[in-house]
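Structure, as structure tokens:
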Amino acid sequence: MPSITVAASDDEFSTIAADQVQRLLRTRMDSILALPTGNTPVPLYAELSRRCLNEEMSFAEVRTFNLDEFVAMPSEHPASFETYMMTHLFAHIDVDMANVHMPDGNSSNLEQECRAYERDIAALGGIDLAIVGIGGNGHLAFNEPGAAFDSRTRVVDLTAESLEAHASEFGGLAQVPRRAITMGIGTILEARRILLLARGREKAEIVARAVRGPITREVPASALQSHPNVLVLLDRASASQLHGMR
Ligand code: GLP
């Protein structure tokens, strides 16, 4: 059963999340992180950037793997996850860009790209800390409802709900790429520790189902219940439907 922490404020949320990363880097400076995109981790990335600027922590030896990326869109597109990561984190910390891994959605051989991504993670010894968000439909990275819990990095079709969730960034639903590369649920579950982040009332129901409901492929994030070392970090709004559940 995952541990659950409810932060009382936005500041506390980002402090607790950043402490998780800082504590890990204290034990091993060259830790391997899996990193999410989305609105939820923005304050965490701001806090990590601040700590790095103040020389409270360093990413100089850290290796990172992003969870997912859209297929067939220019990496410099403002809505690409690569642009997001540069804007919110990588431009502000001392990470060596040679140690940053992002799935290449423009590869001419996507299957090979997915296999290489898995190989690179394994070759470095596996993920120490996977930081993940949760989609409104329970998706984990871009593992949409129905995804197998032993799935690996692969190309997936996005559901209507996920396309809708990204429509505004792309200036309309029609412009959102239909496919993405995502780390698999199996890949994520092999991480030694997982930090699930959720904020906002619109996540309350799905958080309750993921954390306290039945473990089912219909709610990909419910797979985390079977992992021995998960911290679920919530704000009060996203935790509001946990009360009274099993
Ligand atoms: C995105 C990503 C997920 C992310 C989720 C939630 O599309 N593929 O990795 O966790 O949707 O995003 P947000 O934090 O904006 O709610």
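Which residues, counting only those in region 149-177, are without any contact (Cβ under 8 Å) to a residue 24 or more places away in the chain, charged (D, E, K, R) and within 13 Å of the ligand (Cβ to nearest atom)?
Once the filter is applied, which keeps residues that are without any contact (Cβ under 8 Å) to a residue 24 or more places away in the chain, charged (D, E, K, R) and within 13 Å of the ligand (Cβ to nearest atom), region 149-177 yields only E164.
Scan region 64-88 for residues that are away from the ligand (no atom under 14 Å from the Cβ), touching a helix residue (DSSP H, G or I) at 6+ places or on another chain (Cβ under 8 Å) and not polar (S, T, N, Q) and report the count.
Within region 64-88, residues that are away from the ligand (no atom under 14 Å from the Cβ), touching a helix residue (DSSP H, G or I) at 6+ places or on another chain (Cβ under 8 Å) and not polar (S, T, N, Q) number 3.
If you check G126, G146, G186, which single one turns out to be away from the ligand (no atom under 13 Å from the Cβ), closer than 24 Å to G105 by Cβ and not in a loop (DSSP other than H, G, I, E, B)?
Details: G126 fails: not in a loop (DSSP other than H, G, I, E, B); G146 fails: not in a loop (DSSP other than H, G, I, E, B).
Within the list G126, G146, G186, the selection yields G186.
Return the only residue of N54, N66, N99 being of a type in the set (S, T, N, Q) and within 20 Å of L195 (Cα to Cα).
Going through N54, N66, N99 in turn, just one is of a type in the set (S, T, N, Q) and within 20 Å of L195 (Cα to Cα): N66.
Scan E76, E12, E56 and give me the residue that is closer than 22 Å to E169 by Cβ, surrounded by fewer than 19 Cβ atoms within 10 Å (Cβ to Cβ) and acidic (D, E).
Details: E12 fails: closer than 22 Å to E169 by Cβ; E56 fails: closer than 22 Å to E169 by Cβ.
Selected residue: E76, the only one of E76, E12, E56 that is closer than 22 Å to E169 by Cβ, surrounded by fewer than 19 Cβ atoms within 10 Å (Cβ to Cβ) and acidic (D, E).
What's the number of the only condition in (1) closer than 25 Å to Y45 by Cβ; (2) more than 12 Å from the ligand (Cβ to nearest atom) that R119 fails to meet?
Here R119 clears every test but (1).
None of the figures in this text is laboratory data; all of them are computed from the coordinates on show. These numbers were taken from a predicted model, which means no experiment stands behind them. Note: ideal-geometry Cβ built from the backbone for every residue, glycine included; neighbour counts use all protein chains shown.
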